[in-house]
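Trainee: Structure below; questions to follow.
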Amino acid sequence: MERGDLVATTTAGGPSLRRARRRLFAPFWRLPWLRTALQLLGPVGWMTLIYVAALAALFVYAFWGIDVFTTKVVHTWNLDNFREIFESGPFRGVIWRTVWIAAAVTATCAAIAFPFGYYMARVASGRTRTLLFVLVLLPLWSSYLVRVYAWKVILANDGVLNWSLEKIGLPGAHIGYSNTAMWLVFTYIWLPFMILPVYAALERIPHSYIEASRDLGASGLTTLRRVVLPLALPGLVAGSIFTFSLTLGDYITPTLVGGAGSTFIGNVVYSTGLGVSGNLPFAAAFAAIPLVVMAIYLALAKRTGAFDAL
Amino acid sequence: MRRAKLRHLALALVAVALAAPAAGTTKATANEGSLSMIAWEGYLDAKWVKPFERQSGCKVKAKYAGSSDEMVTLMRSGGGGLYDMVSASGDASLRLIYGGDVQAVDVSKVPGWKQFFRGFQSPPNNTVKGKHYGISLQWGPNTLMFNTKKVAPAPRSWSALYDPKFKGKITVPNNPIQIADAALYLSKTRPSLGIKDPYELTKPQFDAAIALLKKQRPLVKKYWGLSSDEVSLFKNGDAVLGASWPYTTGQLQAAKVPVKEVIPREGATGWLDTWMLSAKTKHPNCAYAWYRYISSPKVQALQAVTWGETPVNKLACPLMDKLAKGSCAAYHANAPESFYASIKFWKTPLADCGNGQKKCMDYSQWIKAWNEVIS
């Protein structure tokens with residue numbers, strides 16, 4: 001069958017087919033922009049359809065409502081969802097808690113990642129550096145869920161942490177199912193995402209700069225403050241974008257290790273939009289809030305020049 | 001709003017009218033070969049599904065749901081008709097009935113139904129105006145569970161769940177219907193509120209229940225979602241007192257955790273699950289085959305013992321004891337009818353207070369208030 005086709009095209013239709021092909025492809029040769037446009041159509045179209053369209057739908061839904069009885073979406077434009085969110089004390093509390101914990105996690109990750117990254121980039125030998133890289137990346141090879149569950153077991157009342165504390169004669173730390181537990185687990189989970197960009201930024205600082213600083217009589221601390229830190233700042237900001245946005249959007253860790261007062265924005269989105277009542281417009285309005293928070297954060301980050309380093 | 005409601009009611013009536021003759025004519029025809037069902041995790045256990053598939057020739061496709069709200073959403077997804085049956089609990093069933101998502105069932109075709117305890121033949125959460133929208137399946141009370149080593153003397157009242165003495169050691173389900181438990185407690189402790197039915201609450205009664213729950217929030221260690229969450233809370237000593245199900249108590253006792261459950265003196269709420277039939281099902285014969293099978297004493301006993309539930313079929317009791325000694329009494333499957341009457345079974349809260357007055361708080365308001373309590 002296939003072979004027969006091949007014979008037919010090469011013998012009977014040969015020259016005319018070649019001519020047709022030339023006519024078809026000639027414009028791409030003459031107009032290179034057309035070729036580029038066609039090549040980009042796939043990925044750009046995909047991006048628009050899957051990514052931008054979903055975000056646009058989210059924003060549009062946020063201004064609609066539902067019929068309470070049938071839970072069908074009612075297409076009348078209003079601000080009721082947003083009014084409901086901001087007029088409710090508990091919901092404002094949820095937003096505040098989410099942003100606050102995301103900020104705390106980011107600060108903690110930065111405080112740990114900077115000395116760690118500095119050691120990796122400037123002190124450690126090649127072998128130690130490889131080992132440290134593996135150690136940083138190793139947790140990412142196992143499932144996020146498994147690691148959070150492990151922390152749940154560690155922090156439980158009769159868990160590993162309290163057991164160890166008791167063994168060395170200290171009072172137990174009752175931080176299971178609390179905001180402290182969430183802060184701890186988030187810091188652990190997102191730390192690699194801070195270490196890697198910080199390491200990259202520190203590694204890029206030429207050694208000559210530090211020598212020059214010393215030659216000019218600066219102490220170690222002054223060099224750190226005036227030379228290393230400003231040059232590493234874009235890396236810290238880039239890392240903070242990861243840790244901040246990942247914490248802001250999470251809802252699994254609050255479900256597993258959070259306590260009675262640990263609801264995050266994501267949990268409200270989940271319970272109002274998917275689990276309970278199917279109120280998609282309200283969930284969309286709530287989901288728009290972290291987007292706005294992130295937009296503000298990114299605008300601030302841009303001013304520090306974080307994106308020039310990416 | 002009002003118009004939408006009327007239109008929906010009309011749609012539901014049309015659906016019922018269309019479905020009724022259809023159900024009548026399909027008796028003689030063969031089974032359709034498959035049945036897709038939304039169920040609580042474990043409700044379609046191979047132990048009883050496999051024999052059914054062999055007997056009936058209907059292949060069961062299971063879709064497990066994690067909450068009543070998810071069940072309602074799934075039943076309505078794709079315009080309805082994606083699933084044939086759903087094992088709806090009492091807090092979902094009325095929503096499905098009034099939403100026109102399920103159709104009336106002819107109980108005369110289900111022999112097991114006549115063997116049911118009277119209270120479960122036509123319970124108000126699946127029977128409306130004499131029409132049966134499904135066949136009751138199993139039920140259980142919502143009990144008060146406590147760690148016998150940490151809580152002494154044994155609590156006799158729901159007040160234990162609101163007692164600051166147990167701050168940070170209490171766990172309650174993360175479910176809007178939990179408001180009814182607070183209302184039940186208030187109906188006995190604050191008679192001046194005049195709460196008669198914990199699912200039909202006027203604004204002041206509702207506000208009192210919410211205020212009580214907000215006061216309880218700081219005492220709660222965790223609002224549990226799955227019964228396995230509660231098991232791990234009690235196992236690890238994070239909680240010593242909580243609202244629970246007999247199944248959870250059984251799991252913990254099997255794991256040698258010193259727990260006991262009581263039905264406190266204020267009484268208890270309870271849940272009743274019903275197999276409901278989609279208004280748009282294409283497999284009615286398989287569905288009726290399932291109804292006949294699942295309501296028979298043997299399968300009732302098997303499911304009850306497997307999941308620590310109480311069967312609705314009276315004849316299941318001796319068969320339960322055969323499967324696991326003492327299980328019939330442990331799960332109250334031999335209790336007198338008056339015992340069932342004392343349980344306030346879950347039902348979807350509606351604006352209609354049962355007396356035609358639309359002054360009560362409906363379920364959407366329950367959800368909203370509950371979200372604010374736990375946030």
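Trainee: Order these by the 10 Å Cβ neighbour count, fewest first: B:ASP197, B:ASP101, B:ASP352.
Mentor: The fewest-first ordering by Cβ neighbours comes to B:ASP352, B:ASP197, B:ASP101.
Trainee: Amide H to amide H under 5 Å from B:LYS344: which residues, 5+ apart in sequence or cross-chain, H placed 1.01 Å off N in plane?
Mentor: The list, which skips near neighbours in sequence, is B:ALA268, B:THR269, B:GLY270.
Trainee: Shifting gears a bit: Under 28 Å Cα-Cα from B:LYS358, which lysines qualify once same-chain neighbours fewer than 8 residues away are excluded?
Mentor: A:LYS72, B:LYS5, B:LYS129, B:LYS131, B:LYS188, B:LYS196, B:LYS203, B:LYS214, B:LYS344, B:LYS347, B:LYS368
Trainee: Same structure, new question: Where in region B:237-258 does the amide nitrogen come within less than 15 Å of the point 7 Å from the Cα of A:LYS167, taken along Cα to Cβ?
Mentor: Once the point is set 7 Å along Cα→Cβ of A:LYS167, nothing inside region B:237-258 turns out to lie under 15 Å by backbone N.
Trainee: Also, I was wondering about something else. Within straight cross-link reach of B:LYS59, meaning Cα distance under 15 Å, which aspartates and glutamates are found once same-chain residues fewer than 8 apart are removed?
Mentor: The qualifying aspartates and glutamates are B:GLU32, B:ASP45, B:ASP84.
Trainee: Another question, if that's okay. Treat the count of other C-beta atoms within 10 Å as a stand-in for reagent exposure and order A:VAL268, A:VAL99, B:VAL240 from fewest to most.
Mentor: A:VAL99, B:VAL240, A:VAL268
Trainee: Just the ratio, please: alpha-carbon radius of gyration of region A:80-309 over 2.2 N^0.38 Å, N its number of residues.
Mentor: Its radius of gyration relative to the 2.2 N^0.38 Å reference: 1.19.
Trainee: Determine which lysines satisfy two conditions relative to B:LYS63: a Cα distance under 19 Å, and not lying fewer than 8 residues away in the same chain.
Mentor: Partners within reach: B:LYS47, B:LYS50, B:LYS280, B:LYS282.
Trainee: Which of these, A:ALA110, A:ALA54, A:ALA200, has the largest mean-square fluctuation under a Gaussian network model of chain A (Cα springs below 10 Å)?
Mentor: Highest fluctuation among the options: A:ALA54.
Trainee: Over the whole of A:257-269, what's the average partner chain Cβ count within 10 Å per residue? Rounded to a whole number, please.
Mentor: Shielding by partners across A:257-269 averages 4.
Trainee: What FRET efficiency would be calculated for the residue pair A:TRP96, B:GLN357, taking the C-beta separation as r and a Förster radius of 45 Å, to the nearest 0.05?
Mentor: 0.70
Trainee: Per-residue Cβ counts within 10 Å, from other chains only, averaged over B:225-235: what number is that?
Mentor: Partner Cβ neighbours, averaged per residue: 2.
Trainee: What helices in chain A pass both tests, a Cα length along the helix axis of 15 Å or more and a mean Kyte hydropathy of 0.0 or higher, using whole DSSP H runs?
Mentor: Span-like helices, by this rule, are A:32-46, A:89-118, A:126-137, A:144-155, A:179-203, A:229-249, A:280-303.
Trainee: Follow-up question, since we're still on this one. What nm distance separates the two modelled labels at A:ARG127 and B:LEU82, each placed 7 Å from Cα along Cα→Cβ?
Mentor: Those two pseudo-labels are separated by 5.8 nm.
Trainee: Another one. Quantify how strongly other chains surround peptide B:361-373 by giving the mean number of their Cβ atoms within 10 Å of each of its Cβ atoms.
Mentor: Per residue, the number of nearby Cβ atoms from other chains is 4 on average.
Trainee: Right, something else. Report the residue, chosen from A:LEU246, A:LEU165, A:LEU291, that carries the largest GNM mean-square fluctuation when chain A is represented by alpha-carbon nodes joined by springs under 10 Å.
Mentor: For chain A, modelled as a Gaussian network with Cα springs under 10 Å, the answer is A:LEU165.
Trainee: Still on this structure: If you check each cysteine of the protein assembly as shown for another cysteine whose beta-carbon is under 4.7 Å away, which ones come up empty?
Mentor: A:CYS109, each lacking another Cys Cβ under 4.7 Å.
Trainee: Now for a separate question. Calculate the translational D of chain B in whole µm² s⁻¹ from Stokes-Einstein, where the hydrodynamic radius comes from the Kirkwood formula applied to all Cα pairs, the temperature is 4 °C and the viscosity 1.567 mPa s.
Mentor: 60 µm²/s
Trainee: Hydropathy first: keep DSSP H helices in chain B averaging at least 0.5 on Kyte-Doolittle, then drop any whose Cα extent along the axis falls short of 24 Å, and list what survives.
Mentor: B:2-25
Trainee: Please go through region A:56-127 and write out the chymotrypsin sites (Phe, Trp or Tyr not before Pro) that DSSP classes as loop and that have at most 14 other C-beta atoms within 10 Å.
Mentor: Answer by residue number: A:TRP77.
Trainee: Sorted from fewest to most neighbouring beta carbons within 10 Å, what does the list A:THR223, B:THR189 look like?
Mentor: B:THR189, A:THR223
Trainee: Okay, next question. Please work out the C-alpha center-to-center distance from region B:117-155 to region A:199-276 and express it in whole Å.
Mentor: Answer, in whole Å: 51.
Trainee: Let me ask something else about it. Taking K and R as +1 and D and E as -1, what net charge do the other residues with C-beta under 13 Å from the C-beta of B:MET37 add up to?
Mentor: -2
Trainee: Shifting gears a bit: Under a crude label model (7 Å from the Cα following the beta-carbon direction), how far is B:SER338 from A:LEU58 in nanometres?
Mentor: It is 5.9 nm.
Trainee: Related question: So if we plug the beta-carbon distance of A:VAL44 and A:VAL153 into 1/(1 + (r/R0)^6) with R0 = 41 Å, what FRET efficiency do we get, rounded to 0.05?
Mentor: It comes to 0.35.
Any read-out appearing in this document is the output of simple, stated calculations on the displayed coordinates, not a laboratory observation. Because the structure is a prediction, the values reported are computed rather than measured. Cβ: placed from backbone, ideal geometry, glycine included. Neighbour counts: every protein chain shown.
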